[in-house]
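**Student:** One structure is given below, represented as structure tokens, and several questions about it will come after.
The values are calculated or read from the model by the stated rules, or taken from the named source; none is laboratory data. Values in this document were obtained by computation on a predicted structure and should not be read as measured data. Neighbour counts are summed over all protein chains in view; Cβ atoms, including those assigned to glycine, are modelled from backbone coordinates with ideal geometry.
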């Protein structure tokens, strides 16, 4: 599955999603724009620069990600730099239900 977000805040969004634990590689296909891609099980998640004809507005995303020192088991709800709601489920023995602005990096 492929999910592409077109953003006017490319670097800010990359930093935000990196803070959630996604690992991005910079890519460019032919003469297309430079963008970032992260691979998750069953999903390629890409961040592209927005243009006059391509922009991703309001969207709610959900990911299941592994625990990290900054992202403990439970349900977390974040808001990305362009105000998209991002729900993250971290499997584990502890149950947490929190709304957060961004994980610590």
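**Student:** Find the strands (runs of 3 or more DSSP E) located wholly in the range 1-40 whose residues include 1 or more that are on the phi > 0 side of the Ramachandran plot and at pLDDT below 95, and list them.
**Tutor:** So the answer is none; nothing clears 1.
**Student:** Also, I was wondering about something else. If you check every pair at least six apart or on different chains, which have Cβ atoms under 9 Å apart with a residue in the range 52-69 that is free of Cβ contacts under 8 Å to residues at least 12 places away in the same chain first and a residue that is part of a loop (DSSP other than H, G, I, E, B) and surrounded by fewer than 10 Cβ atoms within 10 Å (Cβ to Cβ) second?
**Tutor:** As it stands, the answer is 69/104, since those pairs meet every condition given.
**Student:** Further question on the same structure: Tell me, which residue of the range 70-81 that is closer than 15 Å to residue 18 by Cα and either free of Cβ contacts under 8 Å to residues at least 60 places away in the same chain or crowded, with 18+ Cβ neighbours inside 10 Å (or both) is nearest to the chain's Cα centre (by Cα)?
**Tutor:** Ranking the candidates gives 80 first.
**Student:** Select from the range 82-93 the residues that are assigned to a loop (DSSP other than H, G, I, E, B), touching a residue at least 24 places away in the same chain (Cβ under 8 Å) and either on the phi < 0 side of the Ramachandran plot or touching a helix residue (DSSP H, G or I) at 6+ places or on another chain (Cβ under 7 Å) (or both) and list them in ascending order.
**Tutor:** If the condition is that a residue be assigned to a loop (DSSP other than H, G, I, E, B), touching a residue at least 24 places away in the same chain (Cβ under 8 Å) and either on the phi < 0 side of the Ramachandran plot or touching a helix residue (DSSP H, G or I) at 6+ places or on another chain (Cβ under 7 Å) (or both), then 82, 84, 91 are the ones that fit.
**Student:** Taking residue 85 and the conditions (1) surrounded by 14 or more Cβ atoms within 10 Å (Cβ to Cβ); (2) at pLDDT below 95, which numbered condition does it fall short on, given that it satisfies the others?
**Tutor:** (2) is the only condition that residue 85 fails.
**Student:** Given the conditions (1) over 28 Å from residue 67 (Cα atoms); (2) surrounded by 15 or more Cβ atoms within 10 Å (Cβ to Cβ), and given that residue 7 satisfies all but one, which numbered condition is not satisfied?
**Tutor:** (1)
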